[in-house]
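One structure is given below, encoded as structure tokens.
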Amino acid sequence: MSKADLNVAEQLAAVIEKYQLERTGHAPTSVSVILGEDTLVVTLRDALTKAERTLAQTREGAARVQEFHRKLFASSEDQLSAEILRITGRKVQESAAEIQPDTGTVVHAFTTGAMVQMFMLTKEEPPPLSDETKSELVIDKGKDGGMGQGHDEGGSG
């Protein structure tokens, strides 16, 4: 992983965290960025406000929270795409947002035409990766502002 790749992922995490805070008044506890060959996936953990988490306790409330965040994402999609272009030098062809109201997780995916399948895992420690394992660049900006890095198995980077 090059220093330039790390810098790009850090910039993306900071920009998306800033947009979330500006749009909702609530910052996520962490922002993870997975930057692949033609895919960018951003996960915002604990991104819902206390009121949204309370509302999401019912099926109807959860649907309202999901719809609100999809509309929020759609309304900032052009600005986020412009920032992604500025930082990465690549245009966004497609984007999507998925919200898990029960966990407060918001996921943004930006692709260049690829199919994205996402699996949210438990917070257990992953098994160590071997040197031969190909991996994607992963940046996780925690609540304390520190940047940690990890790897995503099965990537191409």
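The values are calculated or read from the model by the stated rules, or taken from the named source; none is laboratory data. Given the structure is predicted, the values throughout are model-derived calculations rather than measurements. Here Cβ is always computed from backbone atoms with ideal geometry, including for glycine, and neighbour counts include all displayed protein chains.
Looking at (1) more than 14 Å from the chain's Cα centre (by Cα); (2) of a type in the set (A, V, I, L, M, F, W, C); (3) at pLDDT 70 or above, which one does residue 119 not meet, given that it meets all the others?
Exception for residue 119: condition (1).
Got at least one residue in the range 9-17 being among the acidic types (Asp, Glu) and either in contact with a helix residue (DSSP H, G or I) (Cβ under 9 Å, 6 or more places away or on another chain) or buried (at least 18 other Cβ atoms within 10 Å of the Cβ) (or both)?
Taking the range 9-17 as the starting set, the residues that turn out to be among the acidic types (Asp, Glu) are 10, 17.
Keeping just the survivors that are either in contact with a helix residue (DSSP H, G or I) (Cβ under 9 Å, 6 or more places away or on another chain) or buried (at least 18 other Cβ atoms within 10 Å of the Cβ) (or both) gives 17.
Yes, the range 9-17 contains a residue that is among the acidic types (Asp, Glu) and either in contact with a helix residue (DSSP H, G or I) (Cβ under 9 Å, 6 or more places away or on another chain) or buried (at least 18 other Cβ atoms within 10 Å of the Cβ) (or both).
Quick one: in the range 41-60, of everything that is closer than 18 Å to residue 19 by Cα and hydroxyl-bearing (Ser, Thr, Tyr), which residue is surrounded by the most Cβ atoms within 10 Å (Cβ to Cβ)?
Checked the range 41-60; the qualifying residue surrounded by the most Cβ atoms within 10 Å (Cβ to Cβ) is 43.
Taking the range 43-77 on its own, how many of its residues are touching a helix residue (DSSP H, G or I) at 6+ places or on another chain (Cβ under 6 Å) and over 23 Å from residue 15 (Cα atoms)?
Looking only at that region, the number is 3.
Would you be able to tell me the number of residues in the range 88-108 that are surrounded by fewer than 18 Cβ atoms within 10 Å (Cβ to Cβ) and touching a Leu at 6+ places or on another chain (Cβ under 6 Å)?
Residues in the range 88-108 being surrounded by fewer than 18 Cβ atoms within 10 Å (Cβ to Cβ) and touching a Leu at 6+ places or on another chain (Cβ under 6 Å): 1 in total.
Does at least one position in the range 89-96 carry a residue that is under 14 Å from the mean Cα position of the chain (by Cα) and under 22 Å from residue 120 (Cβ atoms)?
yes
What single numbered condition from (1) buried (at least 16 other Cβ atoms within 10 Å of the Cβ); (2) among the acidic types (Asp, Glu); (3) more than 14 Å from residue 8 (Cβ to Cβ) fails to hold for residue 83?
Checking residue 83 against (1) buried (at least 16 other Cβ atoms within 10 Å of the Cβ); (2) among the acidic types (Asp, Glu); (3) more than 14 Å from residue 8 (Cβ to Cβ), the one that fails is (3).
Tell me, please, whether a residue that is surrounded by fewer than 11 Cβ atoms within 10 Å (Cβ to Cβ) and modelled with pLDDT of 90 or more can be found in the range 61-69. I'd like the intermediate steps shown before the answer.
First, the residues of the range 61-69 that are surrounded by fewer than 11 Cβ atoms within 10 Å (Cβ to Cβ): none.
The answer is no, given that none of the residues of the range 61-69 is surrounded by fewer than 11 Cβ atoms within 10 Å (Cβ to Cβ) and modelled with pLDDT of 90 or more.
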